[in-house]
Amino acid sequence: MTREEKIKIAKWYIREWCFLGENQTIAKNTNDLEVLENIIKTDKSGFACDRCIHGQTELCNRICGYNNQFLKFHFQYVYWKNILVKRNEWDKI
């Protein structure tokens, strides 16, 4: 997956799942992948494992992007791209 695709997915995710406000503005105005991932990690409305209903389960690891072995955040770009493709939204974002 290209860096541009990752940026596209991260911006979509923030727009759809994260709190409105400053993070939305920052995400709209940047193409820095590290900044976008940090917004996803720290946003209280996102699917990060310490806030989601799944806890540290396999489903949570797939959706939320945490690796149970190291508890390190790793956003699941392929998972979310597949969701967008299945919804026929990939070419629209």
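The values are calculated or read from the model by the stated rules, or taken from the named source; none is laboratory data. Nothing here was measured: the structure is a model prediction, and the numbers come from that model. Every residue, glycine among them, receives a Cβ derived from its backbone with ideal geometry; neighbour counts consider all protein chains shown. To get the accessible areas, we keep the full protein, side chains included, count just its heavy atoms, and leave off ligands, DNA and RNA. Shrake-Rupley method; radii C 1.70, N 1.55, O 1.52, S 1.80 Å.
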Can you check what the net charge comes to around residue 84, using other residues whose Cβ is under 14 Å from the Cβ of residue 84 (Lys, Arg +1; Asp, Glu -1)?
+4
Under 12 Å, Cβ to Cβ, from residue 6 - net charge with Lys/Arg +1 and Asp/Glu -1:
-1
Probe 1.4 Å - accessible area at residue 77, Å² to nearest ten
10
Among residues other than residue 36 whose Cβ falls under 9 Å from its Cβ, what is the net charge (Lys/Arg +1, Asp/Glu -1)?
-1
